[in-house]
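One structure is given here, and the rest of the page talks about it.
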Amino acid sequence: MNSTFWRGRRVLVTGHTGFKGAWLSLWLKRLGAEVSGLALAPDGAPHLYGLAGVDGDVRSTIADIQDGARVESAMRAARPEIVLHLAAQSLVRKSYRDPVETFAVNTLGPAIVLNAARQSGDVRAIVIVTSDKCYENREWLWPYRENEPMGGHDPYSASKGAAELVAQAMRRSYFRADAADAHPARVATARAGNVIGGGDFSEDRLIPDLVRGAASASGEAVLRNPKAVRPWQHALDPLCGYLMLAERLCTQPEGGFDEGWNFGPDNGDARAVGAVAQDFMQALGAGTLVHRVDPNAPHEAHLLQLDSAKARAKLGWRPALALPDAIGWTADWYKAWRGGADMRAHTLGQIDAYMARLEDVSA
């Protein structure tokens, strides 16, 4: 990654108050970018956005991504060269409870952002972040490549597959050199695996559930699907991929980078939920794992892996943190938080350590 590329760049991050958005906003500010954000207010407390003091680094607009007028207003005010769209309803179980809202946010949201971007003459690169769950999951042993069919069993997964189709249609219609009234920006989509990292307090996610369980009166952390295999990675690894992709879209607009990209971990880091939970609890040094079967639980995929060969070959991207490191860094963050540490300093320290790791990986 070319860190100097970001110095002075105007960047709009949607979803900047969320877990990945907060990490990304902090990192961009660290790189010297001028960061604007558009998102809903943080959901509940605690949250990384507040603990790490992200608000002081971002020109923030608190608004719903479905509000087209507010999105267009924020785009005009920010005049971004680069748009990184992370705003989403990101929880599978919540999608079962509220499928209409999930489809609205995850499918209409990208269309609204892309439509607002095409009204701006400043935008040069747009990365729409979707999910590894966008693929039609056949529960097979092979990792999914970018040319696999979109699909999704549950509302969340289907909404992410639909977001990919929306981005593709908008790209073909407005953001290619051969499109009518072609816009100079280039549009790509990015699909990451199951991200972990400090500062995630969402419901129905493995690491936050383990942290809450360990801190409860019983000290019990409950697992609901320990045999499911997922592609685990620290949040900073796919975020690095998004930044590298956006840079290429800007610097090589006709280089063919405006397509879908996987940013998943090494194949050996696709592991069962139970194994990851056990390693995390050991690193955290607190709590007891308990497995309780819920016969009424909604369907969730049992096997899912990503093939990131294209990102390695064409972008030079590769994960900088193996799974043991990702688990260790995540546990260290939560231990620091529980110990009353300065979480802005701690989070920035991990970003700095990650950038140093990148130099080692690329050496």
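The values are calculated or read from the model by the stated rules, or taken from the named source; none is laboratory data. Bear in mind the structure is a predicted one, so any value in this text is a computation, not a measurement. Glycine also receives a Cβ, built like all others from the backbone with ideal geometry; neighbour counts cover every protein chain displayed.
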Selection from the stretch 186-232 of residues that are more than 27 Å from Y135 (Cβ to Cβ) and among the acidic types (D, E): E220
Subset of the stretch 306-350 that is under 29 Å from Y144 (Cβ atoms) and among the β-branched types (V, I, T) - its residue that is surrounded by the fewest Cβ atoms within 10 Å (Cβ to Cβ): I327
Residue check, V113 at pLDDT 95 or above and within 18 Å of the chain's Cα centre (by Cα): yes
Identity of the residue in the stretch 299-310, among the hydrophobic types (A, V, I, L, M, F, W, C) and over 16 Å from the mean Cα position of the chain (by Cα), that ends up modelled with the highest pLDDT: A309
Lone qualifier among L84, L40, L51 - being in contact with an Asp or Glu (Cβ under 7 Å, 6 or more places away or on another chain) and at pLDDT 95 or above: L40
In the stretch 129-146, residue surrounded by the fewest Cβ atoms within 10 Å (Cβ to Cβ) [restricted to those that are of a type in the set (S, T, N, Q) and at pLDDT below 95]: N137
Tabulated pairs, the stretch 75-88, first under 18 Å from Y242 (Cβ atoms), second among the charged types (D, E, K, R) and in a strand (DSSP E or B), C-beta under 7 angstrom, 6+ apart or interchain: A78/R10; A78/R59; P80/R10; E81/R10
Selection from the stretch 92-148 of residues that are without any contact (Cβ under 8 Å) to a residue 60 or more places away in the chain, charged (D, E, K, R) and in a helix (DSSP H, G or I): R97, E101
Strands (runs of 3 or more DSSP E) wholly inside the stretch 1-85 that include at least 1 residues being under 17 Å from the mean Cα position of the chain (by Cα): 10-14, 34-39, 82-85
Evaluation of R124 against (1) at pLDDT 95 or above; (2) basic (K, R); (3) within 17 Å of the chain's Cα centre (by Cα) (one fails), failing number: (3)
Single condition A345 does not satisfy, out of (1) more than 19 Å from the chain's Cα centre (by Cα); (2) in contact (Cβ under 8 Å) with a residue 40 or more places away in the chain: (2)
Count of residues meeting criterion [at pLDDT 95 or above, within 21 Å of the chain's Cα centre (by Cα) and outside any loop (DSSP other than H, G, I, E, B)] in the stretch 249-275: 6
Selection from the stretch 305-325 of residues that are in a helix (DSSP H, G or I) and touching an Asp or Glu at 6+ places or on another chain (Cβ under 8 Å): K310, L323, P324
Selection from the stretch 157-182 of residues that are in a helix (DSSP H, G or I) and out of contact with any helix residue (DSSP H, G or I) (no Cβ under 6 Å at 6 or more places or on another chain): A158, L165, Q168, A169, R171, R172, S173, Y174
